[in-house]
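See structure below.
The values are calculated or read from the model by the stated rules, or taken from the named source; none is laboratory data. Quick caveat, the model's predicted, so the values are computed rather than measured. Cβ placement follows ideal geometry from the backbone for every residue including glycine, while neighbour counts extend to all protein chains displayed. Accessible surface areas use protein heavy atoms only, side chains included; no ligands, DNA or RNA. Shrake-Rupley method; radii C 1.70, N 1.55, O 1.52, S 1.80 Å.
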Amino acid sequence: MFDKLKKAFSSAAKSIGSQKELSEKDLDNTLFDLQLGLLESDVAQEVIDDLCAKLKNELLGLKLEKGQVAGEVIRSKLYSTIAETFAKAGKIDLVQKIKIKAQSNGGPFVIVFLGINGTGKTTTVAKIGNLLRNKGVSVVVAAGDTHRAGAIEQLSQHAEKLSLKVI
């Protein structure tokens with residue numbers, strides 16, 4: 001996933017960075033390629049639209065000063081826009097939320113992982129399970145993938161290595 005994103009960002013920076021003054025047409029073409037790269041990496045459409053609108057706003061008509069390297073300026077704008085988007089999303093302390101729920105009613109805290117095949121759901125379940133176990137949370141993973149033959153076996157192997165319960 002991150003390789004696709006890296007390529008999309010790099011090609012966007014290179015194609016925009018070759019201009020002395022950025023025109024709307026050049027930006028639209030480059031941002032379209034960036035949008036495709038982000039979509040292929042399972043980034044939400046709302047996030048893509050917001051990111052591209054901010055980038056377009058910041059880069060349209062941008063003139064490089066003497067001595068400025070175009071690629072570095074574009075990359076910097078791209079990184080700051082992404083960082084701003086992440087900051088806007090906020091933070092969630094999953095362990096704290098689980099412990100609050102456990103104190104209030106003692107019921108299970110359910111986390112569901114959904115997505116298309118090959119995006120790393122099973123591996124992520126194991127990583128999150130390990131994180132929670134290390135933070136003192138009792139973890140039970142449920143193997144619910146009925147479409148991929150090896151999914152239950154893969155999750156069971158991860159759980160066994162991490163000493164997690166599996167149902």
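Roughly to the nearest percent, how much of the accessible area of the range 87-167 is carbon and sulfur, given a 1.4 Å probe?
56 percent
Pop a pseudo-label 7 angstrom from the Cα along the beta-carbon direction at both Thr85 and Asp50 and give the gap in nm to one decimal.
If labels sit at Thr85 and Asp50, their model points lie 0.9 nm apart.
Given Cβ point charges of +1 (Lys, Arg) and -1 (Asp, Glu) and nothing else, what value in debye, to the nearest 20, does the dipole of the range 83-167 about its Cα centre take?
For the range 83-167, the charge dipole is close to 260 debye.
What are the ³J(HN,Hα) couplings of the range 82-96, residue after residue, when phi is run through the Karplus curve with 6.51, -1.76, 1.60 and θ = phi - 60°? Round to Hz, x for glycine and proline.
Values per residue, Gly and Pro as x: 5, 4, 5, 5, 5, 5, 5, 5, x, 10, 10, 9, 4, 4, 5 Hz.
Could you compute how fast the range 57-167 diffuses translationally, taking Rh as the Kirkwood radius over C-alpha pairs and applying Stokes-Einstein at 20 °C with viscosity 1.002 mPa s? Give it in µm² per second.
This corresponds to a translational diffusion coefficient of 121 µm²/s.
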